[in-house]
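Novice: Here it is, the structure, as structure tokens.
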Amino acid sequence: MPANENTLSESLEQTSDFHSQRDSSSGSSESLEKVSNGSATAKGANGLPIDSKRAIKGRCDLSSNETMNQQGRQFHGSLPNRTLHEKFIRDFFDIVLEKAVFEGTSRNEKVVEWVEPKVLPSLVDLTLPLNGVSHEELLTLARDIIKYSVKTGHPHFINQLYSSVDPYGLVGQWLTDALNPSVYTYEVSPVFSLMENELLREMRTIVGWENGRGDGIFCPGGSLANGYAINLARHYKFPEFKEIGSSQLSRLVVFTSEDAHYSVKKLAAFLGIGTGNVYSVKVDDRGKMCVRDLESRINEALREKAVPLMVSATAGTTVLGAFDPLREIAAICKKYDMWLHVDAAWGGGALMSQKHRFLLDGVELADSITWNPHKLLAAPQQCSTLLVQHEGLLEAAHALKAAYLFQPDKFYDTAYDSGDKHIQCGRRADVLKFWFMWKAKGTSGLEKHIDRVFELSRYFTDYVRQREGWNLMLEPECTNVCFWYVPPTKRHLKGKELSDLLHKVAPIVKERMVRKGSMLVTYQSLRNLPNFFRFVLQNSGLTEADMRFFVDEIERLASDL
């Protein structure tokens, strides 16, 4: 008998017993009958005893291939089995650690192995089979998925407002998935319920709300956090809307800058306010909201007999990284009795730094704040929060007291059941990955992280400022650096010819870097400006040498243009 056969036999015996008990409880003709010595004897449909151990032994006297087939038949069970799954899980994690975590963040490896969409299905089997595949096939699929995925933790991935693979955040996320919690009641998620309270209270304290007063929730992304803010502003002003709907309310207007995140309009539409009732406010030449134009637009809404509901200011715009003048906007909101929301999804991380928190001067005057730790603080996705200065408002706006979850007569203090504050029911514990990072690094470590990414962005800015062919759009305020690059043979061009050229250069360079796999840096246009590159930093593991690499690589990729 093979060395592991006893273990497999025991495992199969347990599985057999489980299914026998299940069949008995559901009224199956196959049942367990207690005998005088206290043991159980299995009976079949004909009422005769079944020698289950002999049957199990027969099932275990198999060749290695037959053993694998036996194991394959257990894949449908949603329960880890040490005999069947431990080696597979360890092998899987070895692949993830080696290929995704360490090779995926190595400067010697590609950021992406580019494949055309029509070709990719021939390299990664995406079809869904009738019968399950073997563990070896699953491990091969894991390798293929990693190979053809973008390595967003790679030092040369600076394509969006997220990057890096923080080791502490990563293991926190793995632990979250292993425990598979849903954070709506204390009874099913005791540790994470208290962990959320503690972390959100600390974030509110950092904002500047005395003793961390107020409330807060984790959200599935900053867009939804902004939507929550709109709904809270409406409920605060018109609590009856929750029951009667919008038919008896005046037209509500939301104000935000023309450079604000598109989610403000999208969620206004979702909430029934309408995109036409989101009034865009002009920005200045640095991308900041113009307070004078804000007040002008508010008065425009009043003349139209509409109700100015809220201002959604931005602390760190997506493209330029601009910070709206929050203190001045707060004064306008107070004057017109409006809710002030600050979308600090991107720039909120600067609050962790004594050196850079001035960028959000006046944020403590906000009624609500969106702050995404998965952006500037580099926590794994998704990790988004909404902080609210008004205690009890989240529950008042959203609670429905579902009797099967939020029973009022529970044996513990139901104030720890946070689920009714949310529009979701089931909800991941996004708190653990960020809490684990914070525990590992401390507040001082998170501050050093922020200071470092700002330092690197300033180094890059100064480096390209003195380099021929490089033109900064503006002096960066956050870690966004926006610029144009003019190839050597085109530097004589001016006016419209130059503008037309620049609009074509960025897409060509982007295609070349993706196909080569050397880096990912994004580009876009803005208003009437031609395409420009947007360099965004939130990975504090980068170096000055990486900054020079980005410059040299763009010059190489554009050398023949």
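Novice: I want to check the label-to-label distance for LEU128 and ARG465. Put each point 7 Å from Cα in the C-beta direction and report it in nm to one decimal.
Specialist: Modelled inter-label distance: 5.5 nm.
Novice: Provide the packing ranking of 547-555, 217-225, i.e. peptides ordered by the mean count of other C-beta atoms within 10 Å per residue, highest first.
Specialist: Packing proxy ranking, top to bottom: 217-225, 547-555.
Novice: Treating the stretch 392-542 as a set of equal point scatterers at the Cα positions, no solvent, please give the Debye-formula log₁₀ I(q)/I(0) at q = 0.12, 0.17 Å⁻¹.
Specialist: Rounded to two decimals, the profile gives -0.75, -1.01.
Novice: Suppose every Lys and Arg Cβ carries +1 and every Asp and Glu Cβ carries -1, with no other charges. What dipole size does the stretch 319-364 come out with about its Cα centre, to the nearest 20 debye?
Specialist: Working: 5 positive and 6 negative charges, 28 e Å.
Roughly 140 debye, rounded to the nearest 20.
Novice: Something else now. Quick one: if you stick a label point 7 Å off each Cα along the C-beta vector at ALA399 and LEU120, how many nm between them?
Specialist: Result: 4.5 nm between the two label points.
Novice: Where Lys and Arg each count +1 and Asp and Glu each count -1, what net charge lies around TYR523 among other residues with Cβ under 10 Å from its Cβ?
Specialist: +2
Novice: Right, here's the next one. Give, to the nearest whole percent, the P(r) tail of the stretch 149-281 beyond 19 angstrom, counting all Cα pairs.
Specialist: Summing the P(r) tail past 19 Å for the stretch 149-281 gives 68 percent.
Novice: Taking only DSSP H segments of four or more residues, each worth -39500 (n - 2.57), what value at 222 nm results for the chain once the sum is divided by all its residues, to the nearest 500 deg cm²/dmol?
Specialist: -13000 deg cm²/dmol
Novice: Could you work out the Kirkwood radius for the chain, taking every pair of different alpha carbons, averaging 1/r and inverting it, reported in Å?
Specialist: 27.4
Novice: What angle do you read, to the nearest 10 degrees and between 0 and 90, between the alpha-carbon axis of helix 495-516 and the longest principal axis of the chain?
Specialist: 20
Novice: What angle do you read, to the nearest 10 degrees and between 0 and 90, between the alpha-carbon axis of helix 5-25 and the longest principal axis of the chain?
Specialist: That helix lies at roughly 90 degrees to the long axis.
Novice: Next question, about the same structure. Calculate how steeply helix 190-207 sits against the longest principal axis of the alpha-carbon atoms of the chain, using the helix alpha-carbon long axis, and give the answer as 0 to 90 degrees to the nearest 10.
Specialist: Once rounded, one gets 10 degrees.
Novice: What's the magnitude of the charge dipole for the stretch 211-290 around its Cα centre, counting Lys and Arg as +1 and Asp and Glu as -1 at the beta-carbon? Answer in Debye, nearest 20.
Specialist: Using Cβ point charges on Lys, Arg, Asp and Glu, the stretch 211-290 gives about 60 debye.
Novice: Also, quick follow-up: Report the per residue volume, in Å³, of the convex hull enclosing the C-alpha atoms of the stretch 241-328.
Specialist: Taking the convex hull of the Cα positions in the stretch 241-328, it is 94 Å³ per residue.
Novice: While we're looking at this one, here's another question. Go ahead and run the numbers for FRET between LYS242 and THR543, Cβ-Cβ distance against an R0 of 56 Å, rounding to 0.05. Walk me through the numbers on the way to the answer.
Specialist: Working: r = 52 Å, r/R0 = 0.93.
Step by step, r from the Cβ atoms, then E = 0.60.
Novice: For the pair GLU198 and ARG452, how long in nm is the line joining their label points, each one 7 Å along Cα→Cβ?
Specialist: Reported label-point gap for GLU198 and ARG452 is 2.5 nm.
Novice: Please compute the per residue accessible area over the chain with all protein chains in place, 1.4 Å probe, rounded to a whole number of Å².
Specialist: 50
Novice: How large, in percent, is the carbon and sulfur part of the accessible surface of the chain at a probe radius of 1.4 Å?
Specialist: Carbon plus sulfur share of accessible area: 52 percent.
Novice: May I ask what percent, to the nearest 5, of DSSP beta bridges between residues of the chain are antiparallel?
Specialist: 60
Novice: Continuing with this model, one more query. Would you mind telling me the antiparallel percentage of the DSSP bridges in the stretch 210-352, rounded to 5?
Specialist: So the antiparallel bridges in the stretch 210-352 amount to around 10 percent.
Novice: Now, a different point. Considering the dipole of the chain built from charges on the beta carbon (Lys and Arg +1, Asp and Glu -1) around the Cα centre, which of GLY212, LEU537, GLY104 is farthest to its positive end?
Specialist: Looking along the dipole axis, the top candidate is LEU537.
Novice: Relative to the Cα centre, what is the charge dipole magnitude of the chain, using +1 at the beta carbon of each Lys and Arg, -1 at the beta carbon of each Asp and Glu, and rounding to the nearest 20 debye? Mind showing how you got there, number by number?
Specialist: Values: 66 positive and 70 negative charges, 264 e Å.
Dipole magnitude for the chain comes out near 1260 debye.
Novice: Round to the nearest 0.05 the FRET efficiency obtained for ILE145 and ALA178 when R0 = 22 Å and r is the Cβ-Cβ distance. Don't skip to the end; give the middle numbers.
Specialist: Details: r = 20 Å, r/R0 = 0.90.
Using R0 = 22 Å, I get an efficiency of 0.65.
Novice: Tell me, what is the percent relative contact order of the chain, built from C-alpha pairs under 8 Å that lie six or more residues apart?
Specialist: 16
The values are calculated or read from the model by the stated rules, or taken from the named source; none is laboratory data. From a predicted model like this one, the values you see are computed outputs, not experimental measurements. Heads up, the Cβs are rebuilt from the backbone with ideal geometry, glycines too, and the neighbour counts pull from every protein chain shown. The area values use the complete protein model at the heavy-atom level, side chains included, leaving out ligands, DNA and RNA. Shrake-Rupley method; radii C 1.70, N 1.55, O 1.52, S 1.80 Å.
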